[in-house]
Amino acid sequence: MHHMTLAEIARGLADKKFSSEELTQVLLARIAQLDPKLNSFISLTPELALSQAKAADARRANGEGGALLGAPIAHKDLFCTQGIRTSCGSKMLDNFKAPYDATVVAKLAAAGAVTLGKTNMDEFAMGSANESSYYGAVKNPWNLEHVPGGSSGGSAAAVAARLLPAATATDTGGSIRQPAAFTNLTGLKPTYGRVSRWGMIAYASSLDQGGPLARTAEDCAILLQGMAGFDPNDSTSIDEPVPDYSASLNGSLQGLRIGVPKEYFGAGLDPRIADLIHNSIKELEKLGAVIKEISLPNMQHAIPAYYVIAPAEASSNLSRFDGVRFGHRCENPENLIDLYKRSRGEGFGAEVQRRIMVGAYALSAGYYDAYYLKAQKIRRLVKNDFMAAFNEVDIILGPTTPNPAWKLGAKNSDPVAAYLEDVYTITANLAGLPGLSMPAGFVDGLPVGVQLLAPYFQEGRLLNVAHQYQLNTDWHTRTPTGF
């Protein structure tokens with residue numbers, strides 16, 4: 001049962017081959033047995049899961065249907081879930097139980113999805129390795145000595161290890177696509193505004209976007225269908241009709257124009273990954289796609305711009321965690337200033353503190369124009385590059401990451417080295433574009449991903465290309481040894 005995809009589960013439930021309750025019990029037992037190796041969950045919700053599974057079975061018995069009705073999933077632990085701990089991977093929120101459901105959680109629950117628990121993550125989504133979590137590092141099921149990617153590493157590791165078929169995740173600078181690449185999954189960051197951020201605890205508000213992590217493009221289409229849509233509670237949510245993503249999966253790729261930026265294949269890219277990306281390009285050419293070299297000249301400025309904008313927004317968003325209203329509070333403060341200092345110093349980990357300090361510096365009176373304003377101008381240049389490219393091509397293809405997953409602790413003493421691993425993913429967040437990573441092969445036994453980018457609201461096109469690619473390759477079907 002644990003090897004089934006979301007699509008296979010939907011068919012099995014519809015054909016009454018098993019019940020949602022039976023499937024939920026199997027997966028909960030599997031999590032209890034295997035997750036101690038991975039540390040992919042922060043909180044398990046067996047009582048909620050079984051009650052939701054029973055309700056889903058009752059709805060099916062009454063004639064209801066739907067691809068998500070009775071399907072087990074998990075939520076990244078920054079989506080608020082009513083009455084359940086929502087920690088953001090931080091000591092600061094270790095005792096926080098959300099008083100309401102995030103829109104994504106509510107929408108998926110209404111569709112009948114079964115919540116098995118909340119997955120581990122880099123603290124406040126700040127990281128590329130899932131090592132900054134207060135609850136300990138997550139291990140990559142493909143090699144337990146390596147990172148699973150971050151910040152959605154818990155969701156990625158759990159899905160890759162077949163603990164569940166799919167999970168929600170978020171992407172601020174690549175935090176869906178990079179862990180997908182590191183764990184042999186398909187991960188989709190939708191267009192900014194496509195999925196509601198209401199109830200999703202913010203890291204950088206103009207960059208954050210929720211999306212699905214699953215083993216196949218078909219499953220991502222199913223989960224995105226349940227997540228997407230306009231939300232009046234979210235001022236950045238866009239009132240745009242949500243297409244039937246599953247209906248567009250089988251479109252022909254004949255004549256599809258794929259752009260390959262020359263900047264993607266510079267000195268920083270592992271040549272073995274470059275070879276796998278070129279193999280993917282050949283596979284898509286066989287399916288009728290037309291390849292064209294393009295240029296994204298301002299890509300070189302994206303990382304410094306991102307690491308000014310994101311920490312600046314984080315310093316503002318995290319100012320609310322002060323030990324007064326909710327979250328961690330220090331013991332016996334001497335006065336208000338002491339309360340603030342010690343509560344924040346004790347509650348936030350080193351990486352979060354580092355980014356708060358960088359952000360506060362960039363926003364300070366003497367440096368706002370020199371850093372933050374300049375970074376926003378670069379952001380516009382990055383977007384303009386993409387707009388020009390999409391006048392020539394339909395999608396853009398390249399590597400998801402410059403290297404495969406590194407060993408746990410290998411980059412802890414050099415945070416800039418970890419930041420550079422986001423070089424291919426952050427541009428989509430700066431421009432607000434949809435991006436997808438899909439499995440493309442292995443280097444030294446570790447998975448490698450290929451990234452696809454598309455114009456705004458063209459998630460269906462990305463899913464179509466990925467699905468057709470997966471019908472003709474078997475990388476996505478490989479399972480880590482022992483899982």
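The values are calculated or read from the model by the stated rules, or taken from the named source; none is laboratory data. In this text the structure is predicted, and so the values were computed from the model without any measurement. Positions of Cβ are backbone-derived with ideal geometry, glycine not excepted, and every protein chain shown enters the neighbour counts. SASA here: full protein model, heavy atoms, side chains in, ligands and nucleic acids out. Shrake-Rupley method; radii C 1.70, N 1.55, O 1.52, S 1.80 Å.
Figures for the structure shown
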read-out: Set of aspartates and glutamates with alpha-carbon distance to Lys292 below 16 Å, sequence-local pairs under 8 removed; value: Glu263, Glu283, Asp385, Glu392, Asp394
read-out: The chain - accessible surface per residue (Å², probe 1.4 Å); value: 36 Å²
read-out: Rough spin-label spacing in nm, given labels placed 7 Å along Cα→Cβ, for Leu287 and Asn332; value: 6.5 nm
read-out: For region 433-475, the fraction of alpha-carbon pairs in successive 5 Å shells from zero, as %; value: 5, 24, 27, 20, 14, 7, 2, 0
read-out: Cut-off 18 Å (backbone N to label point 7 Å along Cα→Cβ of Val443), residues of region 241-283; value: 261-282
read-out: Percent antiparallel among DSSP beta bridges (both partners in the chain, rounded to 5); value: 70 percent
read-out: For region 124-198, alpha-carbon Rg over 2.2 N^0.38 Å; value: 1.03
read-out: Given charges at Cβ of Lys, Arg, Asp, Glu: the chain dipole, positive-most of Ala49, Phe18, Ile238; value: Ala49
read-out: Cβ-placed point charges (K, R +1; D, E -1), dipole of region 47-134 about Cα centre in debye, nearest 20; value: 260 debye
read-out: Dipole magnitude of region 359-412, debye to nearest 20 (Cβ charges: Lys/Arg +1, Asp/Glu -1, about Cα centre); value: 280 debye
read-out: Overall Cα dimensions of the chain - principal axes, largest extent first, Å; value: 64, 53, 44
read-out: Cβ-derived FRET efficiency at R0 60 Å, Gln33 paired with Asn62, nearest 0.05; value: 0.95
read-out: Cα-only radius of gyration and Dmax that characterise region 279-435, units Å; value: 20.4, 70
read-out: Relative contact order of region 240-306, pairs being alpha-carbon contacts under 8 Å that are 6 or more residues apart, as %; value: 47 percent
read-out: Globularity index of region 118-248, i.e. its alpha-carbon radius of gyration over 2.2 N^0.38 Å; value: 1.01
read-out: Region 145-214 - percent of accessible surface contributed by carbon and sulfur, probe 1.4 Å; value: 55 percent
read-out: Debye log10 I(q)/I(0) at q = 0.15, 0.23, 0.34 Å⁻¹ for region 357-401, Cα point scatterers; value: -0.57, -0.78, -1.08
read-out: Cα gyration tensor shape for region 66-141, rounded if a/c is under 1.5, else prolate or oblate; value: oblate
read-out: Rounded Å value of the spacing that divides the Cα centres of region 1-56 and region 173-203; value: 23 Å
read-out: For q = 0.13, 0.23, 0.26, 0.33 Å⁻¹, Debye-computed log10 I/I(0) when each Cα of region 177-217 counts as one equal scatterer; value: -0.30, -0.79, -0.90, -1.08
read-out: Compactness of region 116-165, expressed as Rg and Dmax over alpha-carbon positions, Å; value: 9.8, 26
read-out: Projected label distance in nm at Glu392 and Arg85, using a 7 Å step from Cα toward the beta-carbon; value: 5.2 nm
read-out: Reachable lysines, given that their alpha-carbon falls under 27 Å from the alpha-carbon of Lys374 and they are not under 8 places away in the same chain; value: Lys189, Lys262, Lys383
read-out: Convex hull of region 1-134 built on C-alpha atoms - directionally averaged projected area, nm²; value: 8.2 nm²
read-out: Rg in Å to one decimal, and Dmax rounded to a whole Å, for region 379-439 via C-alpha atoms; value: 14.1, 43
read-out: Out-of-range pairs (alpha-carbon distance over 29 Å; input Lys118/Lys411; Lys76/Lys407; Lys37/Lys76); value: none
read-out: Proximal lysines to Lys17, defined as alpha-carbon separation beneath 20 angstrom and excluding residues fewer than eight positions away on the same chain; value: Lys54
read-out: Region 70-112, accessible surface, carbon-and-sulfur percent (1.4 angstrom probe); value: 50 percent
